[in-house]
Each structure stands twice: as structure tokens, then as C-alpha cells.
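Asker: Take a look at the following structure, please.
Nothing in this text is a laboratory measurement; each read-out follows from the coordinates by a stated rule. Just so it is clear, the structure is predicted and the values come from calculations on it, not from any experiment. We place every Cβ from the backbone using ideal geometry, glycine too, and count neighbours over all the protein chains shown.
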Amino acid sequence: MRWPWSSPPPRLANAQADALLQDLLSRDATRIVDSARTVARLFDTAVLDALAPHAGRIESACAGIALGGALVSLKTHLEFALRRLNYWQARSGCLCALNPHYLFFDPRRLIDQGQMQLLCVAEAEDGWGACHHVACTQCGQRWQATDREYHYPWWEWKVA
Ligand SMILES: [Zn+2]
């Protein structure tokens, strides 16, 4: 196996994709986690198009690097970022299908970004937190996103 850092990293024409890629290939845990958090929530199709073909290279470059994390393993962000890139590369479907697989999709933020349309806010079935009834603006899928908290805030997404 060739060491991933034996050749210079590719440079991408898309400036945002290039900055994210250089961080993901940096072997610097802080830069990797910051970039992975951004990629995990990335919706910009041009950036995803540029970055997705490099998922395998990113995975190799990050192998064996301790990313740390106390309450949440920071590796969670890298794993989900790679999943998102592989999902995009495979043209597997609408990005909203990934929402249940990452705990940090705040429905309020996705509504602000125009990725979700708010239908209504109700109390969660079990009485803990608010449940946002939303519809994906890309594919129309309806979701229920509920506020949760266990040491840190997270959101539970279910198909409505
Ligand atoms: Zn969708």
C-alpha cells in the first residue's frame, strides 16, 4: 500500500471543496474534525460533486489518527462525512434520507437553509421537547424531527 501522503494532494478547482479536502488530508485532528463537521452537513451540490470522488483517499489519510472526543466520539463526524460523500458519489437518492443517521441535524437550521419546509411544530409524542413536522424541499419527503437531549442536544428524525 502506498502511504497516502507520499504524493501531493490533488487540488480542486472549487475553492470551498479544495479547502475542505486539504483539511481532511492534513493528518491534523483539529482540522480534520472541523472539516468533517462541515462536510457532514453539506448541501452545496457543486462542492459535493468536487469532493465526493476523493472519499477513499480521505479515508486512507485519516486512518489511525486519534480524533478524540469526550461525550461524542469526534470520529462520528468523519464517519458521517465519508458516508455522505459515498452516498452522493453513488447517486443514491435525496440527501434527506441521511438525516436519521447523524444526530446533529437541527431542523431549525435546515429550515433556515431552505432544505426543509416547516409544516407545524407540535409537542413530542413522549412529551419531551418539540417535534418539527417538515417536508424536504428537494424531494417532498415528510419528516418528524424531535428535539432530544442527553448530555448534549441532538435531534431524532423519523419518516412521517
Ligand atoms: Zn429529500
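Asker: If Lys and Arg each add +1 and Asp and Glu each add -1, what is the summed charge of the other residues whose beta carbon sits under 13 Å from the beta carbon of residue 144?
Answerer: Its environment carries a net charge of -2.
Asker: Same structure, new question: Hey, how many Å between the Cα centroid of region 1-73 and the Cα centroid of region 96-153?
Answerer: When both Cα centres are located, 27 Å separates them.
Asker: Let me ask something additional. Based on the alpha carbon coordinates of the chain, what radius of gyration and maximum Cα-Cα distance (Dmax) apply, in Å?
Answerer: Both quantities, over Cα of the chain: 16.9, 55 Å.
Asker: On a 0 to 90° scale, report how tilted helix 75-89 is relative to the longest principal axis of the chain, with both axes built from alpha carbons and the result rounded to the nearest 10.
Answerer: 90 degrees
Asker: Next question. Helix 29-40 sits at what angle to the longest principal axis of the chain, using alpha carbons and giving 0 to 90 degrees rounded to 10?
Answerer: On a 0 to 90 degree scale, this one is about 50.
Asker: What are the chymotrypsin sites (Phe, Trp or Tyr not before Pro) within region 93-154 that DSSP puts in a loop, where the Cβ has at most 13 other Cβ atoms within 10 Å?
Answerer: Passing both the DSSP loop test and the Cβ count: 128, 150.
Asker: Now, a different point. Normalised by the residues of region 38-160, what does the relative contact order come to in percent, with Cα pairs under 8 Å and at least six apart?
Answerer: Relative contact order comes out at 18 percent.
Asker: Just how large is the dipole of region 95-159 about the Cα centre, in debye to the nearest 20, putting +1 at every Lys and Arg Cβ and -1 at every Asp and Glu Cβ?
Answerer: I would put it at about 260 debye.
Asker: A further question on this structure: Using only Cα atoms, figure out Rg for region 4-89 and give it as a multiple of 2.2 N^0.38 Å.
Answerer: Taking N as the residue count of region 4-89, the ratio is 0.99.
Asker: Could I ask something else about it? With charges only on Cβ, +1 for K and R and -1 for D and E, what is the dipole size of region 4-89 about its Cα centre, in debye, rounded to 20?
Answerer: I would put it at about 140 debye.
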